[in-house]
Amino acid sequence: MNVFSFCLQDDSENQNVAFVNAVTGDYLFCKSGLPIASGKGVLVVRGCVFQIDDSNGNRRVRIQGDAQAGTGFGAGTAYIQKLGGGFVIQITDRRMGDDSCICAPSP
């Protein structure tokens, strides 16, 4: 079981979320409220700014943001991209302070 530090919830589709462990670089993406990908990326933290990158098989993952982002509420983006193809999921969260991330457990 993984404990996540925070999540990013897409501004236009609230069931698309990315959970992040800000200590280990572990992540979990959920699309339409269901888990679609998880892993452990390379974590870089500079003050309140964070970034996780991971390449796994035919996909590339990037999660980045600023835990304060001007207002103290934080903001970030996350995506999974198929190598040589389009995006599987893209998340833009302009205000992390009002997130209510939910993801159904894996079967």
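Here are some notes:
- Distance between the modelled labels on Ser100 and Asn14, one decimal in nanometres: 0.5 nm (7 Å Cα→Cβ projection).
- Normalised per residue, the volume of the convex hull around the Cα set of the chain (Å³): 101
- Environment charge at Val44 (Cβ cut-off 15 Å; Lys +1, Arg +1, Asp -1, Glu -1): -1
- Summed residue charge, Cβ within 11 Å of Phe6's Cβ, Lys/Arg positive, Asp/Glu negative: -2
- Burial ordering of Val49, Val17, fewest other beta-carbon atoms within 10 Å first: Val49, Val17
- ³J(HN,Hα) computed for each position of the stretch 5-13 - Karplus, 6.51 cos²θ - 1.76 cosθ + 1.60, integer Hz, glycine/proline x: 6, 6, 9, 10, 10, 4, 5, 9, 9
- The modelled label-to-label distance for the pair Val45/Phe87, using points 7 Å beyond Cα in the direction of Cβ, is 2.6 nm.
- Student exercise, the chain dipole from Lys, Arg, Asp, Glu Cβ charges, in Debye to nearest 20: 320
- In the chain, Cα pairs under 8 Å separated by at least six residues give a relative contact order of 25 percent.
- Partnerless Cys - the chain, beta-carbon criterion under 4.7 Å: Cys48
Rule-based calculations on the coordinates, nothing more; no lab input. As the structure is a prediction and not an experimental result, all values here were calculated from the model. Virtual Cβ from ideal backbone geometry, glycine too; neighbours counted across all protein chains shown.
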